[in-house]
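Below is one structure, written out as structure tokens, with a few remarks after it.
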Number of protein chains: 2
Amino acid sequence: MKLRTIAAAVSLLGLLGAPALADEGMWPFNRLPKAELQRKYAFDPTNEWVRHLQRSSVRVSGCSGSFVSSSGLTLTNHHCAEDCISRLSTAAVDYVKRGFHAKTSAEERVCPGYEVHQLAEVNDVTARVEKATHGLDGEAFHQAFRGESARIEKECATSDELLCEVVSLYHGGVYELYQYRRYRDVRLVFAPEVDAAFFGGDPDNFNFPRYNLDVTFLRAYDGGKPAVTPDHLSMAKTPLAPNDLTFTSGNPGSTERLLTVAELEYLRDHQLIDVLLGLARYRGFLVEYGKRSPEAERVSKSELFGVENAFKALRGEHQALLRPDFFARLEANERSLRARVDDNPELKKKYGAAWAAIENAQRVLLALEPDISWIESPGSSRSPWAKTPLFGWAKQLVRGAEERTKPNEQRFEEYSDARLPGLSQRLLAPRPLNRPFEIAKLAFGLDQLREELGTDHPFVKQVLGKASPEERARELVMGSRLDDVAERKRLWDGGKAAVAASTDRMIQLALAIDETGRKLRGRYENELASVVRKNSELVARARFEVYGMTSYPDATFTPRVSFGTVRGWRERGKLLPAFTQLGGAFERATGRFPYTLPKSWLDKQKQLDLSTPFNFVTDNDIVGGNSGSPVVNRQGELVGLVFDGNIHSLGGSYGFDISVNRTVAVDVRAIAHTLDVIYGASRITDELSGTDKQ
Amino acid sequence: MKLRTIAAAVSLLGLLGAPALADEGMWPFNRLPKAELQRKYAFDPTNEWVRHLQRSSVRVSGCSGSFVSSSGLTLTNHHCAEDCISRLSTAAVDYVKRGFHAKTSAEERVCPGYEVHQLAEVNDVTARVEKATHGLDGEAFHQAFRGESARIEKECATSDELLCEVVSLYHGGVYELYQYRRYRDVRLVFAPEVDAAFFGGDPDNFNFPRYNLDVTFLRAYDGGKPAVTPDHLSMAKTPLAPNDLTFTSGNPGSTERLLTVAELEYLRDHQLIDVLLGLARYRGFLVEYGKRSPEAERVSKSELFGVENAFKALRGEHQALLRPDFFARLEANERSLRARVDDNPELKKKYGAAWAAIENAQRVLLALEPDISWIESPGSSRSPWAKTPLFGWAKQLVRGAEERTKPNEQRFEEYSDARLPGLSQRLLAPRPLNRPFEIAKLAFGLDQLREELGTDHPFVKQVLGKASPEERARELVMGSRLDDVAERKRLWDGGKAAVAASTDRMIQLALAIDETGRKLRGRYENELASVVRKNSELVARARFEVYGMTSYPDATFTPRVSFGTVRGWRERGKLLPAFTQLGGAFERATGRFPYTLPKSWLDKQKQLDLSTPFNFVTDNDIVGGNSGSPVVNRQGELVGLVFDGNIHSLGGSYGFDISVNRTVAVDVRAIAHTLDVIYGASRITDELSGTDKQ
């Protein structure tokens, strides 16, 4: 859903344009509201406390995580590593189903394409970016911005072990250069059975009470050996209790708390509906596809989890926007800022037209959207091209071959020099495919393409010709060898000549439609994205001038800290307690999916202390991307592992409501106890407690 | 979607609260706007012209149709008879696929459960209904209304050959008693292959140009012989041309052009989204289910067609409501009426509070909706109970047994004496079931039930217990013999005692949840439906008093006439012509579903006159329910057969836009020519031309 991320480019302050509410906020490490922490919690973290938490925290596979030993042991969620666990599985051995446990270091298995990023440094580059883009508009603005960002990132990324990103905070109010230490060799150490990790499945997802061991251990390697990670989190020595102060550290993906009303209306009335309808249909297909055979179920399960999760999350977001009181607050907020701007002739002259420009861009978007989403689809989850990695690879090979012939600063940003190592790492990571599943998914996508654009659309005619969606999908998938890493490498290294000479059907398709896609991408960047970016900056500046900078920037999948306390909430008049216990899982189990506990649990039920705290909730402010975030106490010790938000947290994309918005985490006591009693994973528990080196 | 029909209870005039626009309107036969016809078209139909059209028109299977010979031959759409064609098919002979052609009278096959209704008389009963409900409110109002309607209908339905319905027009402004002649023996005469009837399938549905022979001939029987139908339509002698005046006669199902803004908002922000998401997911499931095997495809195809059609239709309706200009017009309309009411103290006293009462009822609906839809589901397409006829039968048997012990006027309306013959006719009509498909559908529905109400909902626990949705579905379907007509008859005749003693698993489930369902239905009727009905009447009266009665009532699935002209429309700047020709079908065919022409067509391509007009569009005002409507010219001769509306017609539920709203019909010349050349159906063409009796 890149459209969402790009459409999300706007404004400056919190939901009400007023200083942040207590406990609201996803704060960059260098912008912690220390006065607020001191005032409310009498807590004054030292610079060392902050630095240690930052360097113990990592980004991994679209999620968050933390180092939990001095040898690169990394704690994250099972659902964050599920793609790796699934890729390592075969028809014969299904690690998703039966779990994975490396009893020795040698048994740890490489997660293809996985990287761990640890934030090393942050530097302000606002002046450089502003100088480069000064006075520019539209395509010129975009080119200048991309060019300067590419230069800055290239200067910074002096080795493949460094990842550098220019991050736009406050929607362009501030630009910072984030430099990460990249670990490109990540291995799987331990994962429980999916029945334990995802107990309650989709029905319980985003709900509470919960009973999930949504835990996986990975390990970062460096030069073929476990990475040396002196900064890591230790297990808490004091037991966590209700009302305790908690911090989460992680990478919230994106929030849209500063969007203009026109953008929110577009999301509410068009984009979220379109995406939800596509997901609902795809979900119906996937569930039934899995019933073809046990193998079909195995290969499609991970995709289904993702779709169910996305559906429920976006449905919650949409329902928040449909609440008249919620939307009215957002409207009032904008009205009040615009009134302040309009009342001041100088401000009005500088910023007064920005909202109308953004509103107008939404109308352009509405007209361009079907073609953009279905043909070029910058990340659109709906398009057929997102349905199979074969096409994704083909597009990267075709476009990458062309882009790499251009100067760095003239390329699409994903092909800039600073991003190429990551791109080729992902492109060349092994990923086994199941051809029948790829055919079925692509046929599904091509059928939707025809429906959405219409049988008479030239692009539909070009792609389908006289074939049915299923025939074309079969021909493309069976006629492609791109699932072979060596073939991808040959084409990547061979560049334009190799691509042009390829007889691979998927490459030929990607070549045939590349020009149409590029034109659409160009229109999208120039008529839309750059207009929104430019005017969002103006709105951001207007907010600076009117309110000052007293709050946190929207989430950007960069490291943030939130703080809050352990506590339940009131649901339909009933107070839900903050903790569940291990025993609750056995009570809830029916023996039928998704309420099946693994045999390993049932076998050890008698040996377990069933009163051990299992899952808990806090009022920390998180969103998607925070999965796998460590929860730490005042001492900076690990007390929990974030794996979900409650149903009310889904509106958190647009605003935070502390009365009901909750973070859901696994208690470390349950992790330690189950590793010990159920899994006999003493190698890990020793490492966690630091006794492995004694 | 009964919720929609009930929520649709409101107000009085056309979209703008002003007199109807030219060519807008679905007029009852006794309320034709003759002055308008005279003024605009210089056409003054005689009473005999009107009576003849009325008596030639029929209602059949949720659709419309017409008598086209003096021996009960009935013309309707293939998609209206598809359920019959499908039920007569077996694994060995698929009439949907290969078509059906009774070459002799003896080969005509009974369509199980089908009835043909011909409107005989209409009488005003407003005074009786108003007297009975005078001064009443809430439950008392509802009981009185139901009681008086049941009495009126019972007095009228003096034999099983008569069907009587009290119809509320203008949302309670007028009540009329409609008496129909019922033909309960309906047989299949001719149907083309589905590839010809539904050429272009879902992608072309609601689009134009079209090339569909969406035609089926049925025959009404009376006493085991073809019915005598002196009133019937003759084939046109003058060729239809652009700009010709056309009439459609049929049964538009429901429009909501007089809803209050609060009700429209509820539809837009909640109901339509919920229903569309449910349909999208169900559709994904059905498409993939059909891939299990050819047999699975055969048994699920009809359900899939229905779901795809409903999805596209409701999506179009929703998109109309999401258009800011469209919705603003509806809001302005209401504002202006309310201002007129508020400015007049007397009107304000009588009617001023009605809008707020309806708005408040929407809030009640929002809170009640999940339980209503998922537990009692008065027709909700989403609920698991709508997914299999086995449950529908069980519920009718259980509830019917109980209701029939009560006095007529205290029963739920569907069990009133006047409705029982129709109900038992449908209940006892044979319908072959495919158990694997019933299990899969019910499992799908139970899974959704758990998701929507939540694992911890008492009803979910009652229905599922410790079983998975699939296990429970299997147990219910395999443990039921209700697909045996004799068993249904035994339970229906046996009443409460037989039902209570039944060991049928589906009957036992229906019994176990009946009390919960009845309570919800009661709350729905008393807190919602009656409040809306009562206050809609007040709004209707306010409109009468402010504007006078100058327009047509909302559609009620009763016979209506619309008038208009043959003409294309402008789409993205391009004028689409009004007619297509037979040759276009051959050009569009790819040989791949859904663009496959049947072999019979390909074989006869050379013998066909490819310039024969095939499909055409007019600006007549129709909606769902009008499928199968005859199109007639000034002479009252048959020129076409309505089978669709264009994509813009879907907003027609809420308002009519003559610039783009179009009716799509099969030209009778294509019907005659293909019957003759492709199908060699001389028995039918002779009958159509009246030469069979010469």
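Throughout, read-outs are computed from the coordinates displayed, never taken from laboratory work. As the structure is a computational prediction, the values presented were derived from the model and not from experiment. With ideal geometry, Cβ positions are generated from the backbone for all residues, glycine too; neighbour counts draw on all protein chains shown.
Using the Cα gyration tensor of the range A:431-499, with a ≥ b ≥ c the square roots of its eigenvalues, what is the shape: rounded (a/c below 1.5), prolate (a/b larger than b/c) or oblate (neither)? Cα axes put the range A:431-499 in the oblate bin. Considering only alpha-carbon pairs that sit under 8 angstrom and 6 or more positions apart, the relative contact order computed for the range B:71-144 is 20 percent.
If you take all other residues with their beta carbon under 14 Å from the beta carbon of B:LYS301, and give Lys and Arg +1 and Asp and Glu -1, the sum is -3. The helix-based estimate of mean residue ellipticity at 222 nm for chain A, built from -39,500 (n - 2.57) per DSSP H run of four or more residues and divided by its residue count, is -14000 deg cm²/dmol to the nearest 500. Placing unit charges on each Cβ (+1 for Lys and Arg, -1 for Asp and Glu) gives the range A:577-694 a dipole about its Cα centre, and among A:SER611, A:GLY625, A:LEU641 the Cα reaching farthest toward its positive end belongs to A:SER611.
Note that the range B:402-516 carries a Kirkwood radius of 15.8 Å, evaluated over its alpha carbons pair by pair.
Please find the FRET efficiency linking B:GLN605 to B:MET235, where r is the Cβ-Cβ separation and R0 is fixed at 30 Å, and quote it to the nearest 0.05. Once rounded, the FRET efficiency stands at 0.80. The alpha carbon gyration tensor of the range A:491-621 gives principal lengths a ≥ b ≥ c with a/c of 1.5 or higher and a/b no greater than b/c, which makes the shape oblate. Over all Cα atoms in the range B:244-397, the spread is summed up by Rg and Dmax: 20.3, 69 Å. For chain B, excluding the exposed loop sites themselves (trypsin sites (Lys or Arg not before Pro), DSSP loop, at most 10 other Cβ atoms within 10 Å), the longest remaining stretch covers B:238-571. When the alpha carbon coordinates of the range B:489-539 are projected onto the principal axes, the ranges are 49, 21, 14 Å, largest first.
Normalised by the number of residues in the range A:469-556, the average gap of Cα pairs under 8 Å and 6 or more apart makes the relative contact order 22 percent. Pairs of alpha carbons in the range B:209-279 separated by more than 22 Å make up 61% of all such pairs. Residues whose amide H comes within less than 5 Å of that of A:VAL58, counting only those at least five positions distant or on another chain, are A:GLY65, A:SER66, A:PHE67 (H built at 1.01 Å from N in the peptide plane).
Using 0.36 nm per residue and subtracting the Cα-Cα separation, the extra length available between A:ASP417 and A:HIS134 on full extension is 99.5 nm.
Counting, for every residue in B:438-447, the Cβ atoms of other protein chains within 10 Å of its Cβ and taking the mean gives 1. Applying the criteria of a DSSP loop state and at most 16 other Cβ atoms within 10 Å to the GluC sites (Glu not before Pro) of the range B:314-367 yields no site.
Going from the residue with the fewest nearby Cβ atoms within 10 Å to the one with the most, B:THR685, B:THR556, B:THR238, A:THR126 rank B:THR238, A:THR126, B:THR685, B:THR556.
Couplings for the range B:497-502, taken from phi via the Karplus curve 6.51 cos²θ - 1.76 cosθ + 1.60 with θ = phi - 60°, read 5, 5, 5, 5, 8, 5 Hz in order; Gly and Pro are left as x. I need the P(r) histogram for the range A:410-461: all alpha carbon pairs, bin width 5 Å from 0 out to the longest distance, whole percents. Cα pair-distance distribution for the range A:410-461, in percent: 4, 16, 11, 11, 11, 18, 20, 7, 0. Shown for B:TRP27, B:TRP385: other C-beta atoms within 10 Å of each C-beta, ranked fewest to most, produce the order B:TRP27, B:TRP385.
Taking amide H atoms as placed 1.01 Å from N in the peptide plane, the amide H of B:ASP621 lies under 5 Å from those of B:GLY25, B:PHE563, each 5 or more residues away in sequence or on another chain. For the rotational copies A and B, the chain A residue with its Cβ nearest the relating axis, together with that separation in Å, is A:GLY284, 1.
Cα centroids of the range A:440-516 and the range A:179-199: 33 Å apart.
If only the Cβ of Lys and Arg carry +1 and only the Cβ of Asp and Glu carry -1, the dipole of the protein assembly as shown around its Cα centre is close to 1080 debye. Here, chain B is characterised by an Rg to Rh ratio of 0.95, where Rg is the alpha-carbon radius of gyration and Rh the Kirkwood radius. Per residue of A:285-292, other chain Cβ atoms within 10 Å of the residue Cβ number 6 on average. Pairs exceeding 23 Å between alpha-carbon atoms, taken from B:LYS40/B:LYS312; A:LYS301/B:LYS301; B:LYS441/B:LYS461; A:LYS395/A:LYS496; A:LYS312/A:LYS599: B:LYS40/B:LYS312; A:LYS301/B:LYS301; A:LYS312/A:LYS599. What's log10 of I(q)/I(0) for the range B:278-343 at q = 0.20, 0.21 Å⁻¹, Debye sum over Cα points only, no solvent? Values, matching the q order: -0.79, -0.83. Phi angles across the range B:391-404 convert, under the Karplus curve 6.51 cos²θ - 1.76 cosθ + 1.60 with θ = phi - 60°, into 3J(HN,Hα) values of 6, x, 4, 4, 5, 5, 5, 5, 6, x, 4, 6, 5, 5 Hz, Gly and Pro given as x. Using all pairs of distinct alpha-carbon atoms, the Kirkwood hydrodynamic radius of the protein assembly as shown works out to 34.2 angstrom.
Rounded to the nearest 20, the size of the Cβ-charge dipole of chain A about its Cα centre is 560 debye, with Lys and Arg at +1 and Asp and Glu at -1. Dipole check for the range A:343-439: with +1 at the C-beta of Lys and Arg, -1 at the C-beta of Asp and Glu, and the Cα centre as origin, the magnitude is about 280 Debye. Each Cα pair under 8 Å and six or more residues apart adds its separation to the average, and for chain A the resulting relative contact order is 26 percent.
Positive-end ranking of A:GLN581, A:THR565, A:VAL485 along the dipole of chain A, with charges on Cβ about the Cα centre, is headed by A:VAL485.
Modelled this way, with points 7 Å down the Cα-to-C-beta line, the labels at B:ARG329 and B:ARG109 are 4.6 nm from one another.
In this structure the amide hydrogen of A:LEU162, modeled in the peptide plane, comes within under 5 Å of the amide hydrogens of A:ARG182, none closer than 5 places in sequence on its chain.
As a ratio to 2.2 N^0.38 Å, the alpha-carbon radius of gyration for the range A:80-211 is 1.52.
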